[in-house]
1. Mind counting the residues in the range 101-132 that are farther than 27 Å from GLY184 by Cβ and of a type in the set (A, V, I, L, M, F, W, C)?
2. Say we look at the range 133-183 and pick out the residues that are modelled with pLDDT of 90 or more and among the acidic types (Asp, Glu); which of these is nearest to ALA213 (Cα to Cα)?
3. Could you tell me which numbered condition LEU289 fails, if it satisfies all but one of (1) out of contact with any Cys (no Cβ under 9 Å at 6 or more places or on another chain); (2) assigned to a strand (DSSP E or B); (3) of a type in the set (A, V, I, L, M)?
4. Tell me yes or no: at least one residue of the range 234-252 is out of contact with any His (no Cβ under 8 Å at 6 or more places or on another chain), crowded, with 21+ Cβ neighbours inside 10 Å and touching a residue at least 60 places away in the same chain (Cβ under 8 Å).
5. For VAL388, work out the one condition from (1) buried (at least 22 other Cβ atoms within 10 Å of the Cβ); (2) over 26 Å from ALA354 (Cα atoms) it doesn't fulfil.
6. Check GLU423, GLU454, GLU432 and return the single one that is part of a loop (DSSP other than H, G, I, E, B), of a type outside the set (Val, Ile, Thr) and either in contact with a helix residue (DSSP H, G or I) (Cβ under 9 Å, 6 or more places away or on another chain) or farther than 30 Å from GLY361 by Cβ (or both).
7. Which residue is surrounded by the fewest Cβ atoms within 10 Å (Cβ to Cβ), if the candidates are limited to the range 391-417 and must be assigned to a helix (DSSP H, G or I) and among the polar types (S, T, N, Q)?
8. Which condition from (1) within 21 Å of the chain's Cα centre (by Cα); (2) over 25 Å from LEU437 (Cβ atoms); (3) not aromatic (Phe, Trp, Tyr) is the one that HIS367 breaks?
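The values are calculated or read from the model by the stated rules, or taken from the named source; none is laboratory data. Model, not experiment: these values are computed from the prediction. Please note: Cβ atoms are built from the backbone with ideal geometry, for glycine as well, and neighbour counts cover all protein chains shown.
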Amino acid sequence: MPTSLLTAGSRAIQAGADIEFQDGNLRPLDLEHSDTVAVSLVGAPYIPEIRKQIGGRHRLILGGQVLNGLVQKWTEKGVAIDGRVLALQHESTQQFVRLFGMHAYNGNDDSEFAHALGIRPGDLPDVFHTSLIPAFEKLDDGVLRAYLSMEFSFFLSQGCKKDCSFCAAVRTSRDTAGVLRKVGEQYRHMNDGINDKLPNVVEQDLRWLTENAESFNLQSLTLYLSNLDLFQTPSKLEQFADIVLALKKAYPGFQFRMRGLCTTESFVGACKDEPAVVRKMVDAGLYMLGFGIDGDPHAEDVKASIHKKFNTSENCLNAIRLSREHGITPETLMVFGHEEDTQQTMTGAIRFAADMQDAYGAVPRPHLSKALIPGNDGWRDPLNAELVEMRLNNQDLFYNDDFTCRASSITHPDPLRRAQVNEAYEKMTRLERATTLPLFPREPADPELTALHEYLNTGKYDR
């Protein structure tokens, strides 16, 4: 379910815009009668698909977290003048224009979004106070039933206080001048029962989805919670658990199955300081947690380089052990092959994933780190300007930046390093029950090989 797109659409509907939803996942698109098309980009690898799927004769409104890295401002250390180093402000909006043209709008910016739709920005409801029901009601029964029959993303919160360098999500980050921009987690509105007259949009949406699932004779919903770090704010998560538990009581026999991401530090802390919240979430239906291990837990240099020093070996082991003790299936989410990784540390990451599988039934979920993703630290680094320019000049190269794609000459120019990284990635993906289907890259200098790789990639998807 394209939850972020439905969120944007619901805001537009409530502001008076005339919106039609089409689902390119399940049916062919029919854009003949549309002058403006809005698309949610799940990640950088989808950038090349815009013109291929939609063409160039529609105005575009584009959303998704990856766009924030194409329009953001950042600070760079400038040249020394009279002994002082000046901080230079940069704005990368021109990257957005180069990729999508002058008639494309940044849907993440309310003023641009409203202008493209011919509505007033002030009429758009706050995103965290927006119910998705007006958008859900635009989906026909066949599409809605299909989505409710499978796992779908549920918008619960956004933002992360951690600053993992390879991540392009909305998070705490430090620019090239060392200026820190702190970000905290923000939940969608849930009433706390104290003089709160705003609608409880989380409860409203879940109740609507439950009732419609029952109308389709479905007895459960499987949710992928949007939180970047599920136990980051235990007090708010407990409010959500209470909502789910109340719905389970109101609809006897109906079940919720929930899965999400979590840092090892937050989960270990919750188990120690807020055990009741953990138990409530399990009772509500939390069955799986993906822990961002992201390499060998013992490789201190690598963890420091990706800003994950909080991922101590003790936290990694305890998070997986404690999740199993609470009846939660752990996933070892492994973004590895970082710049500081060596053959030895990559072997350590594989060994850890295998050991956790043997000891606790942890499910390996391997991904290959990529240095350049719009919005991450590598993308903003002036030393990578030439590599960024390559992607802006040839959009197909964004395919290679997918975290499930094998290393290529574009992402790993050194042949020896590329071979080492790919060998480690292949070993990790061959672990029993590993969820990732590795993709083959596109090589601009070899069209025949690229065509073969496109064929071999067809039908593959990440969990």
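1. Here the count works out to 5.
2. Filtering the range 133-183 down to residues modelled with pLDDT of 90 or more leaves 133-157.
Add one more test, that the residue is among the acidic types (Asp, Glu), and what stays is 137, 140-141, 151.
On the way: GLU137: 13, ASP140: 13, ASP141: 11, GLU151: 13 Å.
Filtering first and then ranking leaves ASP141.
3. (1)
4. Checked the range 234-252: at least one residue is out of contact with any His (no Cβ under 8 Å at 6 or more places or on another chain), crowded, with 21+ Cβ neighbours inside 10 Å and touching a residue at least 60 places away in the same chain (Cβ under 8 Å).
5. Looking at each condition in turn, VAL388 falls short on (1).
6. Values: GLU423 fails: part of a loop (DSSP other than H, G, I, E, B); GLU454 fails: part of a loop (DSSP other than H, G, I, E, B).
Answer to the check: GLU432.
7. Kept after step one, since they are assigned to a helix (DSSP H, G or I), are these residues of the range 391-417: 391-393, 395-401, 415-417.
Pick out the ones that are also among the polar types (S, T, N, Q) and you get 393, 395, 400.
Values: ASN393: 9, GLN395: 18, ASN400: 25.
Here the answer is ASN393.
8. (2)
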